[in-house]
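The structure appears right after this line, and notes come after that.
Rule-based calculations on the coordinates, nothing more; no lab input. Just so it is clear, the model here is predicted, and its values are computed rather than measured. FYI the Cβ positions are ideal-geometry reconstructions off the backbone, even for glycines, and counts take in every protein chain you see.
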Amino acid sequence: MLQEVKDLQQNAVTKLVELTATHDELTFKAPTGSGKTYMMADMMNRILSADKNIVFLVSTLSKGDLATQNYEKFQEYSAKGNFPVLKPYLISSQIAGEERLFVPIDYNVYLLPRDLYKKGGRLMQGAMEGFLHTITGGKLLGGQERKVYLIKDECHIATNNLDSLSEKFFAKIYNFSATPKLSRGQHPDVEIKNDDAVNAKLIKDIELIDDPEITVADAITKFEEVKQEYRNLLGVNPCLIIQISNKDKADAEIAEIKKELDKAEHTDLKWMLIVTDEKECDTNDAFKVKKLPVSKWKEYAKENSSTIDIIIFKMVITEGWDIPRACLLYQMRDSKSTQLDEQVMGRVRRNPRLMDFETLSDEAQKLAMTAWVWGIVPEDLKKSFGVKLWQESSLITDEIKIKTTRLKPLMKKTEFHLAVFLKKQSVVSAPSSIFRLWRGFVKIESSLREMGEGYSSDFAKWREFAENIEAVVSESSLYVNDYARSMEVAKDENGKDIEVSFALASHYTDNGNYVDIGDWVWKRNDGKEKFSFDSEAERAWTSILKDLTKEDVTVGDGRVGKRVMVGRKNPKAGATNLFGGKEPEFLDVRQVYLWGKNYIANSSIKFEYYLGALHSSYPDFIMKDSFNRVHIFEVKSVNISANMVGDFDNNIYKTKLEELKKAYKQASKLTEQLFYLPILREDNWRIFQYVGGYEKILTKDEFVNYCRQFHTE
């Protein structure tokens, strides 16, 4: 698993735990597929480790057996040693006859299927309140005087009966959802944003096919194209999910789908129809699926090796059914619910190779990170704008070629020999348990695990490695953080320096901070020239570069910024036009300056640095000047905004700045590119410049003057 994924999840949990001390109610928002259940377990494990007098009650949807799924996951996490403090119990009404429903009190995590606690349910007949009284009432009532923290999983669904118990029994309330209900006051206190989850490779990016003329036949044809690539590159059988209407239109839609699937070119496809009534569920897989009870169909369908190609459903998989192999979603129903749409999309956004994503080729990674969606435009993408390079983009990518850097792992250190290193370590006087060693082993970064696995020809050697993991990690950190030894220019399999450029197409989210630009490398798909930037600092730096590139200089091509002429090829080029002249080679010709925002989506422009773990820095802007120098900018601000307070309290932001300075300094030496960290404090710029391995600190005017002149550093 990529370190970016671990960091994203762990940072979110850390904030939740920190805010628990000061908030009685918290809302956590994270995209479906981002590991919400895992983060919930991590949060509970941390809190329970610090205070054994706490009990968690997790209120969970009964739809799709979500409570049972969560319970089984919590058991698995505890058994594997990920979160060993958890002792989960699934509250159930599966008892015989009129026997009184009883909930034991010697667990610390209770899973409550929400439908059990409803009017007329057996838990409503005193069992639930009796359990809570016993837990919280203390010794006088024969209880334990413990605090109950309520977690509302999928909190956008109402929990009126539980809410009536809040003041009496629940010391803290946590709302978890991809789509919290703002009208109920569920405003996110901690949030993993969609873009952050995509950039960390935690969930797939969405490729929207927003064309009303597209039919289910087109979706099935697209699936046929994707299927072979998925199998060859990812070793996974993909699937297409088709969502149909709930009511009157459902039968007609099912008939339309089956008619298409009956065509000769699709007879090899296996499909299943899952609806609420088991008698109406259907499949054409007589050899595998029909032999299973319908209750097991979902379990089979979600496996990466499942032979089911197409899943047709109504509303029965909106929550709680993980299908990482699903990568296409076609919606036939006319949905009016943004929340339901978001939940359904979550079924196709999970990364099918999350645990070993870093081992995949670039082509395979791109495939694993793409989901195709018809008929739904998610809320966060309604504010998203597609961009692409100007026509004849090869003129741009041929001019802007960037060498990137990466950090070599400890195993690449020429003078390091693992066997010799381990022999030098102190003998362990009291061997650790195998479970503790395994927990430590699975938590280290993949390159160290790989090194340990290569060394472990037998169990004794594995134990030797595992007992000394802390020493190995420390040695690795010292080496990797020494950029003079560990940093190298990224190379291909033949040892040649890799040169990358802007992606041909990308997108960005509208965050305000607007600047109108019509002559840089990007153009918006809708033709507008209004671009949005992530912060006020980025907006201000954009304005500086926009003006600077056009400034006159006495040498070069007459401007600070290098220019190219772009246009689209004329299909009639060379032919005689109506006026007797020759048709031009290009149409819509215009001049663009070679600078632009490094939009992260699809970007290969990144530089590795080390901050407790391996990270990638995607610089904000790239510029090529008329002296053929490449300038690379990572814009920062030390103006504290509301959403940065936590970072400043922990000095995380400032620590990251110092590490980026070190990394960019060495990268400038290896690549002969110019790196900058422009930092905005109030209204003043302090610009750290790195050229040939040396650091200079410039003012804005000094930076502008530098760019106007040719230097021979």
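Quick notes on this structure:
- GLU695/GLU229 FRET efficiency (R0 45 Å; Cβ-Cβ; nearest 0.05): 0.50
- Unit charges on C-beta of K, R, D, E only; dipole of the stretch 196-290, Debye: 500
- The lysines within cross-link reach of LYS249, meaning a Cα-to-Cα straight distance under 20 Å and a gap of 8 or more places when in the same chain, are LYS258, LYS259, LYS279, LYS314, LYS336.
- The candidate values were (1) 222; (2) 264; (3) 394; the one computed from these coordinates for volume of the Cα convex hull per residue in Å³ carries the label (1).
- Sorting 496-502, 198-204, 628-634, 452-458 by their mean Cβ neighbour count within 10 Å, with the most densely packed peptide first, gives 198-204, 628-634, 496-502, 452-458.
- Global geometry of the stretch 204-382, whether rounded, prolate or oblate, following the gyration tensor of its Cα atoms and the 1.5 cut on a/c: rounded
- Extreme residue, positive dipole direction of the chain, given options ILE47, HIS507, LEU240 (C-beta unit charges): ILE47
- Axis angle, to the nearest 10 degrees, between helix 66-80 and the longest C-alpha principal axis of the chain: 80 degrees.
- Sorting the segments 690-703, 25-38, 413-426 by their mean number of nearby beta carbons within 10 angstrom, highest to lowest, gives 25-38, 690-703, 413-426.
- The packing ranking of peptides 245-253, 80-88, 436-444, highest mean first, is 80-88, 436-444, 245-253, where packing means the average number of other beta carbon atoms within 10 angstrom of each residue.
- Working note: Karplus 6.51/-1.76/1.60 with θ = phi - 60° gives the stretch 520-534 the couplings 9, 6, 9, 9, 6, 4, 8, x, 7, 10, 9, 10, 10, 10, 6 Hz, where Gly and Pro are set to x.
- Sites GLU672 and GLU25 - FRET efficiency at Förster radius 56 Å, r taken between beta-carbons, to 0.05: 0.55
- Note on the chain: dipole from Cβ charges, positive end direction compared against ILE254, THR14, VAL638; the farthest Cα belongs to THR14.
- Dipole in debye (nearest 20) - the chain, about Cα centre, beta carbon charges: Lys, Arg +1; Asp, Glu -1: 980
- Between VAL427, LEU208, PRO31, the Cα set farthest toward the positive side of the dipole of the chain (charges on each charged residue's Cβ, about the Cα centre) is that of VAL427.
- Within the chain, helix-based [θ] at 222 nm, where runs of 4 or more DSSP H residues each add -39,500 (n - 2.57), nearest 500: -9000 deg cm²/dmol
- Rounded to 5, the percent of DSSP beta bridges in the chain classed as antiparallel: 50
- Distance (nanometres) between label positions extended 7 Å along Cα→Cβ at GLU145 and ASP251: 6.5
- Student exercise, the stretch 204-382 dipole from Lys, Arg, Asp, Glu Cβ charges, in Debye to nearest 20: 680
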